[in-house]
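The values are calculated or read from the model by the stated rules, or taken from the named source; none is laboratory data. All figures in this text were calculated on a predicted structure; none of them were measured in a lab. Here the Cβ positions follow ideal geometry from the backbone for every residue, glycine too, while neighbour counts run over all protein chains shown.
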Amino acid sequence: MISVNTFYTVLVIFALSVPSLIVFMLRRHIVSSKKRYYAWLIIFFISVFGGHLLKTEVYIFGETEGSKEYSRFVTVYPTEITLPNGRVAEIAPRLGLSLDKALVINLSRKPMYLEMVVYGNASSKPGRQTLSAYQVSKVDNRIDYIFVEPPSSIKIKGDSSIRGWIHY
């Protein structure tokens with residue numbers, strides 16, 4: 001697992017350098033500078049989109065002496081983590097088109113909850129997912145509020161917006 005900032009730094013460097021390298025290598029075949037520019041743009045967007053498809057956000061939650069703590073990472077390759085109960089959990093990227101996919105690792109002794117908060121006129125009812133103690137849980141929704149009470153209203157674009165809230 002790598003930090004979120006490191007992932008995006010590497011993604012930007014990759015997305016900027018790979019198109020330049022490919023266009024440079026194909027400079028004899030792509031004579032027009034306009035075509036080189038379009039080729040660079042296409043490869044750039046493929047690199048950025050591909051990077052987002054390969055990543056999975058990982059949230060690790062814990063509690064020490066009553067203090068709630070969490071860390072946020074990105075995984076692009078399988079790895080293992082040993083939980084406090086001695087169980088080894090495999091953390092693997094969740095490939096797919098959803099940009100909201102994540103893994104939540106609860107290292108505390110208490111279960112946590114992911115509640116979906118609906119703003120606006122949503123047709124679906126908000127759900128609640130239990131994140132068991134010492135477990136790795138798959139989450140298919142974005143996580144917006146962590147250990148903080150969500151606001152009663154927010155400005156939204158469109159008719160509705162659904163936000164995730166993690167709490168004990």
Can you tell me which residues in the stretch 140-168 are in contact (Cβ under 8 Å) with a residue 60 or more places away in the chain and assigned to a strand (DSSP E or B)? 146, 166
For the stretch 100-121, state whether one or more residues are within 30 Å of residue 49 (Cα to Cα), exposed (fewer than 13 other Cβ atoms within 10 Å of the Cβ) and outside the structural domain of residue 49 (by TED's automatic domain parsing). yes
What residue, among those in the stretch 1-60 that are under 13 Å from the mean Cα position of the chain (by Cα) and of a type in the set (Gly, Ala, Ser), is surrounded by the fewest Cβ atoms within 10 Å (Cβ to Cβ)? 3
Yes/no for residue 131 being more than 28 Å from residue 9 (Cα to Cα), out of contact with any Lys or Arg (no Cβ under 9 Å at 6 or more places or on another chain) and not assigned by TED's automatic domain parsing to the domain that holds residue 15: yes
Checking residue 121 against (1) under 21 Å from residue 62 (Cα atoms); (2) in contact with a Ser or Thr (Cβ under 7 Å, 6 or more places away or on another chain), only one condition comes out false. Which one? (1)
What residue, among those in the stretch 101-112 that are touching a Ser or Thr at 6+ places or on another chain (Cβ under 8 Å) and outside any strand (DSSP E or B), is modelled with the lowest pLDDT? 101
Test: residue in the stretch 41-48 that is touching a helix residue (DSSP H, G or I) at 6+ places or on another chain (Cβ under 7 Å) and not assigned by TED's automatic domain parsing to the domain that holds residue 23: no
Scan 115, 80 and give me the residue that is closer than 27 Å to residue 152 by Cβ, charged (D, E, K, R) and not in a loop (DSSP other than H, G, I, E, B). 115
Can you find a residue that is within 25 Å of residue 144 (Cα to Cα) and in contact with a Gly (Cβ under 9 Å, 6 or more places away or on another chain) anywhere in the stretch 49-60? yes
Kindly evaluate residue 76 against the criterion of being over 24 Å from residue 163 (Cα atoms) and under 12 Å from the mean Cα position of the chain (by Cα). yes
